[in-house]
Each structure stands twice: as structure tokens, then as C-alpha cells.
Amino acid sequence: MDCYGVLSKYFGYKHFKNGQEPLVEAILSGRDALGVMPTGGGKSICYQVPALMLPGLTIVISPLISLMKDQVMQLCENGIPAAYLNSSLSVEQSRKVYRNLVADKYKLLYVAPERLEMPEFIETCMNIDISLVAVDEAHCISEWGNDFRPGYLRISDFLNVLPKRPVVAAFTATATEKVRRDIKEKLQLQKPHSVVTGFDRPNLYFKVEVPKNKKRTLLEMISERKDKCGIIYCQSRKNVEKICELLQDNGFDATRYHAGLTPEERQENQDDFIYDRKTVMVATNAFGMGINKSNVGYVIHYNMPTSIESYYQEAGRAGRDGSDAECILLYSPSDIILAKLLIESGENADVDTRKQDYIRLEKMIAYCKSTKCLRGILLDYFGQVNIGNCGNCGNCHTVFEGRDITVEAQKILSCIKRIENKLGYNVGLVLVVRTLMGSREKRVLELGLDTLSTYGIMSDYGKSDIGDIITYLIDNAYINKDEKFGGLSLMAEADKVLFGRETVMMVSRKVTKAPKAKKSVSELSPDEILYDRLRKLRSGIAKEQGVPAFMIFSNTTLTDMAKKKPTTLDGFLDVSGVGNVKASRYGERFVKVIRAYMSEKY
Ligand code: ADP
Ligand code: ZN
């Protein structure tokens, strides 16, 4: 059977995704390989297909236990003999794996890098035929990345003690050239065939919002997306607690994850999310690495992350199965303060790294404030040429209008200055607005603000209009708003405006078009009622089997099923993502639901 046969029989796919085929072919021809593809790009297939075709065992080195378990579960669902060895197994369980290994029972074995140093493991490997060693998340070998794992450095020692050097293939989603070089060097890859696919994730819709009230906006967003599951990332543990509680109080099935929880609670909450028992995960960036959940419909950042790398990695956990998904960042200027605090309190103590951190932060802030194509900014950041007008992001769907507010800004700034000069302290937004409008309110008069020359100079403006302009000046660092007391004071930039050296344009966003559904999906227009029934059947089966629903069939597969409506087992095999084993295991039940549906309809 050729690689297409294997792809179709075991995985149910008719075509390779971008970059997969050349990597599979290189490995099959006995050449080392390096695959750099974004999350969801389909890296696993690149070594799983060869694993099924090569005579011996494929060892997959993977950094996280949860990842191994998922992958092995998924392979077994597809009828592929696979196992893992790690500290979570009992002595009895791992003994069984060793026995099966020697008896050639597996095609794939997943291990953490530390396993490669254990005498029993090395001993066993000396006596079995190993065709391929696949290194997943290979950037963990590099000290330049943020996921460095010392264990990875010893992979090459392990390879060197084997009687016959297997083919070595490394995979990562990390884009930087430096890390790529490190991988090749430290793994001692021999003339590897390298494939670097683009970093674009066309099914992800990127969007930045600057909400007046983040909590309210978040609640609205989640209730609009009730039928999906999603991740809310916050920058601090405290925020995770607060937001999770807020969501729960509002009747959402939310759970939480951060490094301050006990390992037991973390595991439990993570499982609740993966098994769809909870639909919203509120988490710090501690959550996600090694989470293989493919049906995440949205990732909302409640706070701005500290770099575009982190943002893209976290946001990229949406839509891994290729279905349309959204990545929304809720930005507010106070996020900048939070991010700086994080950098200052971080482990990167030396001056140089911190300087780098600030440069990265500036780029992240620029993303939040930009009116340009968001996908374009992200791809530019990773050095990928792009058209810069994707037509499928928040900014591409927004018309930005500029309004010259220099005169208004001058009035406001000088009013704030005069109040400070008179009182010797700063007052909040409400009092500033009242003074500008010439209000007769008690406090204004008590403080004598009616004696200022700026009193009433904006009496022809509406209260909310002035408020909006002040907020804009805060957002753009002309005015500082005291975190605790809310007092307004001038920042250095304000001078340029006051002395007429700078014009201020207020850019407002006007969304004109609703987010465009991706062509491929709108063409399909799957019957929603049928989809829903198929989904219910899937969750029933998942419960019976004790596996997450997306491991039975991904959302993309269900969508294709609802579109093709197969009423025979043969037709069922035609659905993308349905391999032989799954067809014979679940085909009857799905086909039955489809037949019933069709007979009602026609
Ligand atoms: P990565 O490890 O690169 O993040 P995965 O290997 O988890 O990506 O694959 C992402 C998704 O793409 C999975 O749902 C997988 O089943 C699907 N996929 C992989 N290869 C193909 C293919 N050739 N055709 C269709 N879907 C695929
Ligand atoms: Zn765009």
C-alpha cells in the first residue's frame, strides 16, 4: 500500500495537507526530516503515515504526558497499535508495554525525553528494530525558546548508542531561524529535508476589540457563542479566578486553570474541558501546551499578552481541526501596565533580555492599536510575505474614520492642568467633564472650579462626547489615569498638543460587514438539524467509550458527514476523516441517524 492508501485507510483523508507529502516521502526514502508547520498544520500525520509503512518501530519523543495519552488514544481509535511509556503508568502497566515492545506489537511508541536515559529502556531498544525516531515539539531542545527541556539535549546520545541509526524527523511550530538551526545541530540531523510551510491559519478570524466594559463585552460574546467551546486567557491568576466566577454566576459552564491550583484540580478541570463537560476554560498561559483539543471554537484574550509569539501560540489553539474559529483580543490601555509588571517580575533578570521583552511588548501593543490587516501584522512578524489585506479579520471588516480633535484635546488638557494647579491634586473624569461643560453641580462649586478659565469652554458638547475624547486621550498616552483613584494628569506627550506641535486624530471603528464565513464552509451549508443529531450521537458514543468527543470524529468530519449524508457504509467511508476502523466501529450508528433523517425529510 502506498502512502495515499495508508492515509485513507487509517485516517480517512483523501489528500495530504500542505507540506505533509514531501516530509512523508523523505522519511520513507530514509532521509532525516525537519517539518516546521503551524499548530493544526497536521504534523502528526507526517510521522504516523511512515510509521505504518516502515518495517520497525517508530519512537515519538513528546514533551508532555497529557499529549502522549491523547495521541495514543487517537491512534488506537483508528486501529493503529500504539502505546506510551511514562511515569503515569503503574509498574504492571509499563511491564506490559515492555513485553509488547519486545514482541513487536506496536507501530508507535510515545515517550518523554527523560525515558531515553533509563537503562531498561535503552537495553530494550538495543534489541528491537527501530525505523524512525520522531521528535515532536522539537523547539524544546533550544534554549532560545520559552519551552526549553534539558532532556531533549540527550536525544542524540540515545541515537548514538543504538546499533543502527534510525531515520530522525523533527517537528515544531516555532518559526524563528535561530531555533531551527539549533534543532538541526543539537539533534545532529543528517542532511535533513526541511519543509517550512506558511504560518497562516486561514480558518482563524482575528479581531481586536477595545471594549468600554470588558466584563460585559465578554459575557455578551460568550452567550453569542454558547454552542461552541472556548478558552479565555487572562494575564494573572487573580483575573482567572474573577472571570471564572463571573461566568459561573452568569450560568456558563466555566472552569479554570492556573499554576496556583493543586495538580489534582488542574487535571480535573482540564479533563472537564477536554471531555466537553465544561464549555469554557478560563486560564493563564499555563494552560494549553500539550492540549490536543481540536474543537476549540474561540480563544478570547481578556488581557493583552506580552508578545506576539505568545499571542499567536495561544490564539492558535482555536480551530485546530480546520473549522472556522475566532481569536479575539479584548484590549485596554491598562493591559500595558499589567504587561510591564509581568516583565519586571519575570525571571528574565538581565538587562538585555528585558530590553528584548520590551521590544516584543511594543509590537504586541502596536497590533492592538493598529488599523491595518491583523493577519498581515502577524505574518509580517514571522517574516512571511503576505498581501496585507486578508479580507477575513476584524480590521479588514472595519472602516476606520479619522476625526481631528486637536482643539478639543487642547481644551481638555489645559483644563486638567488648571485644576491640578488650583487644587494641588488630580480629580477624576466626571469632575473634569463637569468643569468643561460649565456644570453648577455642588462639588464643582465647592472646589471653586467655576473660577477657572476653562470652566464651560465645552458647554456645547455632550457629556459622553467629552468622555469619549478623554478616554481616547488616555488610551493614547496623553493623559494618565491613576489606577487606584482615577485622578487624571498630563503625560509627557500632552505638551506637544498643548503647544500646537501635534494634531490629534481620533480614529473610530465602524464595523460595516459581518464577519464573512469562509467560502468553503458557506458552500457546504450543512444541514444544521442533521449536524446537531450527529453531534449528539457522537457525544453519546464518546461517553460510552470514555474518550473526548473530538477523538471519535472531529467537527470537520461531522460537517462533511452532514453535507454528504451517506446512507451506506461505502458512502460513509467517503467522509473526510473516516478511516476503515472507525467506519466499521461507528458507521452503522451514524448511517442509521442519517437514514432516519432523510426519510423524515423526503
Ligand atoms: P499539529 O500537530 O500540527 O498541530 P495535528 O497533527 O494535530 O496538527 O493535526 C491537526 C488537525 O488536522 C487534526 O484534526 C488532523 O486530524 C487534521 N489533519 C491532519 N492531516 C490531515 C489531512 N491530510 N487532511 C485532513 N485533515 C488532516
Ligand atoms: Zn485582514
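The values are calculated or read from the model by the stated rules, or taken from the named source; none is laboratory data. In this text the structure is predicted, and so the values were computed from the model without any measurement. With ideal geometry, Cβ positions are generated from the backbone for all residues, glycine too; neighbour counts draw on all protein chains shown. The accessibility values were calculated without ligands, DNA or RNA, using every heavy atom of the protein model including side chains. Shrake-Rupley method; radii C 1.70, N 1.55, O 1.52, S 1.80 Å.
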Exercise for the section: Determine whether segment 129-138 contains at least one residue that is of a type outside the set (S, T, N, Q), assigned to a helix (DSSP H, G or I) and open to solvent by 10 Å² or more (accessible area, probe 1.4 Å). Expected result: no
Handout entry: Candidates K214, K178, K226 - the one that is away from ligand 1 (no atom under 16 Å from the Cβ) and buried (at least 18 other Cβ atoms within 10 Å of the Cβ)
Key = K214
Practice task
Determine which member of the set I365, I377, I337 is in contact with a Gly (Cβ under 9 Å, 6 or more places away or on another chain), in a helix (DSSP H, G or I) and more than 16 Å from ligand 1 (Cβ to nearest atom).
Solution key: I377
Problem - Check on K69, closer than 24 Å to G319 by Cα and open to solvent by 50 Å² or more (accessible area, probe 1.4 Å) - result: yes
Exercise for the section: Output the residues belonging to segment 192-222 that are closer than 30 Å to E245 by Cβ and part of a loop (DSSP other than H, G, I, E, B). Expected result: V210, P211, K212, N213
Exercise for the section: Have a look at D249, D350, D253 and point out the one that is in contact (Cβ under 8 Å) with a residue 24 or more places away in the chain and of a type in the set (D, E). Expected result: D253
Exercise for the section: Those residues that are crowded, with 16+ Cβ neighbours inside 10 Å and not aliphatic (A, V, I, L, M), I need them from segment 469-489; list them, please. Expected result: T471, Y472, D475, N476, Y478, N480, K481, G487, S489
Fill in the blank from the handout: Flagged pairs (Cβ under 7 angstrom, 6 or more apart or on separate chains; first in segment 422-449, closer than 24 Å to I474 by Cα; second in a helix (DSSP H, G or I) and polar (S, T, N, Q)) are V444/T435; L449/T435
Exercise for the section: Search segment 397-414 for residues being part of a helix (DSSP H, G or I) and in contact with a Phe, Trp or Tyr (Cβ under 8 Å, 6 or more places away or on another chain), and hand back the single one that is surrounded by the fewest Cβ atoms within 10 Å (Cβ to Cβ). Expected result: E408
Exercise for the section: Collect the residues in segment 195-216 that are modelled with pLDDT of 95 or more and among the hydroxyl-bearing types (S, T, Y), keeping them in residue-number order. Expected result: Y205
Practice task
Identify the residue in segment 151-165 that is assigned to a loop (DSSP other than H, G, I, E, B) and farther than 16 Å from K184 by Cβ and, among all such residues, is least open to solvent (accessible area, probe 1.4 Å).
Solution key: L162
Handout entry: Residues satisfying the stated conditions in segment 557-580, i.e. among the β-branched types (V, I, T) and more than 31 Å from the chain's Cα centre (by Cα)
Key = T567, T568
Exercise for the section: Starting from residues that are open to solvent by less than 10 Å² (accessible area, probe 1.4 Å) and not small (G, A, S), keep the ones in segment 21-37 and report whichever is nearest to the chain's Cα centre (by Cα). Expected result: M37
